[in-house]
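The values are calculated or read from the model by the stated rules, or taken from the named source; none is laboratory data. Predicted, not measured: the structure shown is a model, and the values here were computed from it. Reconstructed Cβ throughout: ideal geometry from the backbone, glycine too, with neighbour counts over all protein chains shown. These accessible areas exclude ligands, DNA and RNA; they are computed on the full protein's heavy atoms, side chains included. Shrake-Rupley method; radii C 1.70, N 1.55, O 1.52, S 1.80 Å.
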Amino acid sequence: MISARGVASALADLLSTALGEELPMRIRCWDGSVGGPPDAPVGLVFRNRRALRRLLWAPNELGLARAYVAGDLEVEGDFTETLARLYGLVAHGALRPELDWAAKRDALRTLVRLGAVGPPPKPPVEEIKLAGPLHSLRRDARAISHHYDVGNDFYALVLGRTMTYSCAYWDETAESLDQAQTAKVDLVARKLGLTEGMRVLDVGCGWGTFVLHAAREYGVSAVGVTLSRAQADFARKRAAEEGLSDRVEIRVQDYREVPDGPFDAIASIGMAEHVGAAMLPTYSRALFSLLRPGGRLLNHAIAR
């Protein structure tokens, strides 16, 4: 039986013991109870026991994401602040490794009473189930399509007018996200040493921002490849509207199937994260084989 204080207090006590400090957010649970610091500016709402079970089977970003997407877990307060606090707990392994046997036994008993112990819940329906060898051409195409072919209007909500993915570059002139993204693609162009008449490849071109900028501002002939048909359609439309279709070609094509090198310069902006660590040697060899001798390649990626 859970004490009269309710599920939330029991869960907050459990998490505080595991962390070795007071829980940095408020907790609200399916029985209407509230736990954790009452003055915390952010909080989590556990709508059912399934939320706990998801976190028990995957006590990391995956478990949190599944619980949130499935509607088992909700956020109270500023969403960004909540994510920042959760990241500090989950991504950096804040749980105390020195918990003794008695503390672990008590934690398990609490989890049983809360209904968190049981078979793993099914992933939310939004989560794709990929078949075939890891990073095969067909599997990678399905993964990218599932990620990006959800409607360009959705991405426009967060990417701004430039429709540019990955990090922006906030130089001294940038006062908005659009300006910072334009500064980013221009920085890439300058690092590649682009000049008029060069032939440029953008691997993972997204919605075409870099190839359009390179063609418009530097007079190059640019090829952009993506596995997302929604991105390709959007980029082609932008090229036509800007009168750049004669200098910008957008293909739905895997980087391993680009047949018409060499290129004077190659950009890869926020693409290597999709490649996978095991495939980085293949990725590097493929891009190197498409680069002319003495040409430049810029790879922009999140490193771990």
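Within the stretch 256-269, the set of residues being open to solvent by less than 20 Å² (accessible area, probe 1.4 Å) and either within 25 Å of Ala303 (Cα to Cα) or part of a loop (DSSP other than H, G, I, E, B) (or both) comprises Val258, Ala265, Ile266, Ala267, Ser268. Being touching a residue at least 40 places away in the same chain (Cβ under 8 Å), over 24 Å from the mean Cα position of the chain (by Cα) and part of a loop (DSSP other than H, G, I, E, B) holds for only one residue in Gly193, Gly206, and it is Gly193. Across the stretch 243-259, the qualifying residues are those that are in contact (Cβ under 8 Å) with a residue 24 or more places away in the chain and over 30 Å from the mean Cα position of the chain (by Cα), and the one among them that is farthest from Ser221 (Cα to Cα) is Leu244.
Conditions (1) open to solvent by 70 Å² or more (accessible area, probe 1.4 Å); (2) within 30 Å of Asp202 (Cα to Cα); (3) not in a helix (DSSP H, G or I), marked per residue:
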{"position": "Asp106", "(1), (2), (3)": "yes, no, no"}
{"position": "Val125", "(1), (2), (3)": "yes, no, yes"}
{"position": "Arg142", "(1), (2), (3)": "yes, yes, no"}
{"position": "Leu157", "(1), (2), (3)": "yes, yes, no"}
{"position": "Tyr169", "(1), (2), (3)": "yes, yes, yes"}
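Taking the criterion of being within 19 Å of Ala272 (Cβ to Cβ), in contact with a helix residue (DSSP H, G or I) (Cβ under 6 Å, 6 or more places away or on another chain) and not small (Gly, Ala, Ser), the residues of the stretch 193-224 that qualify are Val200, Asp202, Val203, Cys205, Trp207, Thr209, Phe210.
Of the residues Leu56, Leu64, the single one that is part of a helix (DSSP H, G or I) and open to solvent by 70 Å² or more (accessible area, probe 1.4 Å) is Leu56. Is the stretch 36-49 home to any residue that is under 27 Å from Glu127 (Cα atoms), touching a residue at least 60 places away in the same chain (Cβ under 8 Å) and either out of contact with any strand residue (DSSP E or B) (no Cβ under 6 Å at 6 or more places or on another chain) or assigned to a loop (DSSP other than H, G, I, E, B) (or both)? Yes: one or more hits. If you go through the stretch 95-130 and keep only what is within 25 Å of Trp30 (Cβ to Cβ), modelled with pLDDT under 85 and of a type in the set (Gly, Ala, Ser), you end up with just Ala107. Residues of the stretch 62-70 include at least one that is touching a Phe, Trp or Tyr at 6+ places or on another chain (Cβ under 8 Å) and not β-branched (Val, Ile, Thr). Here Ala277 does not qualify as more than 21 Å from the chain's Cα centre (by Cα) and either crowded, with 18+ Cβ neighbours inside 10 Å or not β-branched (Val, Ile, Thr) (or both). Just a yes or no: is a residue in the stretch 160-167 open to solvent by 30 Å² or more (accessible area, probe 1.4 Å), at pLDDT below 95, of a type in the set (Gly, Ala, Ser) and within 29 Å of Gly294 (Cα to Cα)? So far as the stretch 160-167 goes, yes, one or more of its residues are open to solvent by 30 Å² or more (accessible area, probe 1.4 Å), at pLDDT below 95, of a type in the set (Gly, Ala, Ser) and within 29 Å of Gly294 (Cα to Cα).
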